[in-house]
Amino acid sequence: MTEHWDEFFLKLHHQQTLKEQLSTAENDESWMMISIEAAMEGILKGSLTLPNEQEIRFQTLSVFENQHTLSLPDSLIPEVRAGQTVDPSKSFVVQDKLGGILLGLHQSRQELDPTQIEIYQQQMIEQTSRAQPSMKLVDEKALSIHDTLIGCYEAIFLVSPSPYYQIVFVRSWHGKAVIGSCQFKLEDAPLWVPLTYAMLHTATWSELS
């Protein structure tokens, strides 16, 4: 039992230390296991070897009626929901159940002009904060990717037994809001933060209606 509790408190200490590192990191990528650029190179090559010699292989999925492609680790499997009411052409989810990783994209019916991205992002943060009081906002930013503005925010959900880290992003596509998120265990943030941004940078969107 002593060993069990020692491990438990060591894990909590590690998570608290990591949370403090993330809170103060801002533009410093030194806490990441890999750089975003290295992750992007791995995606383009189809595989990435991590410092611990673990290899991640990537697959490319075409969704939203083949108008959007996203390259992601092959450990993420498309989720099929029985009796789902959500139009599969407007929404998709992939997950690694064993690793506790979930990534989803949803096309909203709500109109969104690119100039409204940052306002929309603030509204999302406020709504989520009210719905999830345990949420701790870590960072928020607007990224210009392929001449398109994408609003992003990062948050920690202090749940037990494994606090989760989440990256949420929103962009305008065909005049409507597309909302995505990737969530993973806080302890996996040094790998999945750069991976998520690399996936965003290498994704392609058809601008044809």
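The values are calculated or read from the model by the stated rules, or taken from the named source; none is laboratory data. This one's a predicted model, so the numbers in the text were calculated from it and none came from an experiment. Note that we place each Cβ from the backbone using ideal geometry, even for glycine, and neighbour counts take in every protein chain shown. Areas reflect the complete protein model, heavy atoms only, side chains present, ligands, DNA and RNA absent. Shrake-Rupley method; radii C 1.70, N 1.55, O 1.52, S 1.80 Å.
Protein heavy-atom accessible surface, 1.4 Å probe, per residue over the stretch 95-209: 47 Å².
Per-residue extension of 0.36 nm, minus the Cα-Cα distance of Q54 and D113, leaves a gain of 17.1 nm for this segment. Between H174 and S30, full extension at 0.36 nm per residue minus the direct alpha carbon distance yields a gain of 48.1 nm.
Here the Karplus relation 6.51 cos²θ - 1.76 cosθ + 1.60, evaluated at θ = phi - 60°, turns the backbone of the stretch 159-165 into coupling constants of 9, 10, x, 10, x, 10, 10 Hz, with x for every Gly and Pro. Listed here are the pairs K97/K141; K45/K136; K97/K136; which of them are more than 26 Å apart at the Cα? Table pairs above 26 Å Cα-Cα are K97/K141; K45/K136. One Cα centroid belongs to the stretch 137-196, the other to the stretch 94-120; the line between them spans 8 Å. Just the protein heavy atoms count here, and of the accessible area of the stretch 48-192 at 1.4 Å, carbon and sulfur take up 48 percent. With 0.36 nm allotted per residue and the present C-alpha distance subtracted, the E79-S62 stretch has 4.7 nm of extension available. A simple rule links phi to the HN-Hα coupling: the Karplus curve 6.51 cos²θ - 1.76 cosθ + 1.60 with θ = phi - 60°, which for the stretch 144-154 gives 9, 10, 6, 6, 10, 7, 10, x, 9, 9, 10 Hz, with x for Gly and Pro. Scanning residues 5 or more positions from V138 or on other chains, those with amide H under 5 Å from its amide H are E154, A155, I156, with H placed 1.01 Å from N in the peptide plane. Most tightly packed first, judged by the mean number of other beta-carbon atoms within 10 Å of their residues, the peptides 197-205, 129-137 read 197-205, 129-137. Using the Cβ-Cβ distance between K185 and T69 with R0 = 30 Å, the FRET efficiency computed as 1/(1 + (r/R0)^6) comes to roughly 0.65. Positive-end ranking of P133, S206, P114 along the dipole of the stretch 68-209, with charges on Cβ about the Cα centre, is headed by P133.
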